[in-house]
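Notes to accompany the following structure.
A short reminder: the numbers here are calculations on the coordinates, not readings from a lab. Remember, it's a predicted structure, so these values are computed and weren't measured experimentally. For neighbour counting, all protein chains shown are included, and Cβ atoms are generated from backbone atoms with ideal geometry for every residue, glycine included.
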Amino acid sequence: MMVKNWTKTAILAAAVWGQMAQAQTATDDVDVSAVVEATQTAAPAATTPLFLEVFINGESTQLIAEFTHHTNNRFSSTRNELTEVGIRPPFGIGGDVYLDTISGLEYVYDPTGQRLYITVPNRSRLPKVLSGSRRASHVAPERSFGAVVNYALATEFGPDSTTQDFDFTGLTGSVDGWI
């Protein structure tokens, strides 16, 4: 039984060794200098889309925004993304906005943490209105036809001034209504 296991192991080792030898001879035929030149002359990507956690003035916005990292180490984002994170984009610039075009804005990119730390003056921030009140949904009144009748009755009991007995002294009532 033990001999069979050793035999299987030896056959497996020989097969792996044979595959490694074939791979070695295949790489001997490749001109390595051509591969190195090809990788050095290949143009880097012009832009890289990034999804980064945004910190503004040292506080997390709890939001992740899409930015584009350009080859000249500039960052841009869309007007909508900047508005969502609370940054006022400059007027007159449509589409993508470069961060260095925003007055007073400075940023630091953390590639390992996938974060963008932005320092910006308050004049370049958008106010965010938070309210704890709930708005009740407007309920339309129910409309229908009907009639209303109101009535009131009152009686008076008390002593009679002539007999000094406790007696009924008066009754009043009113009725009103509308349709």
Take residues that are touching a Pro at 6+ places or on another chain (Cβ under 9 Å) and tell me which of the strands (runs of 3 or more DSSP E) falling wholly in the stretch 61-179 contain 3 or more. 166-178
Can you tell me how many residues in the stretch 121-130 are touching a strand residue (DSSP E or B) at 6+ places or on another chain (Cβ under 9 Å) and either surrounded by fewer than 10 Cβ atoms within 10 Å (Cβ to Cβ) or without any contact (Cβ under 8 Å) to a residue 40 or more places away in the chain (or both)? 1
GLU59 - would you say it is acidic (Asp, Glu) and either touching a residue at least 40 places away in the same chain (Cβ under 8 Å) or surrounded by 11 or more Cβ atoms within 10 Å (Cβ to Cβ) (or both)? no
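Could you tell me which of the residues ILE87, ILE118 is in contact (Cβ under 8 Å) with a residue 60 or more places away in the chain, of a type in the set (A, V, I, L, M, F, W, C), within 20 Å of SER60 (Cβ to Cβ) and buried (at least 16 other Cβ atoms within 10 Å of the Cβ)?
The unique qualifying residue is ILE118.
With SER133, SER77 as the choices, which residue is within 22 Å of the chain's Cα centre (by Cα) and exposed (fewer than 12 other Cβ atoms within 10 Å of the Cβ)? Please lay out each step first, then the result.
Working: SER77 fails: exposed (fewer than 12 other Cβ atoms within 10 Å of the Cβ).
Criteria check complete, one pass: SER133.
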Could you say whether any residue in the stretch 111-125 is more than 20 Å from PHE67 (Cα to Cα), among the hydroxyl-bearing types (Ser, Thr, Tyr) and in contact with an Asp or Glu (Cβ under 9 Å, 6 or more places away or on another chain)? no
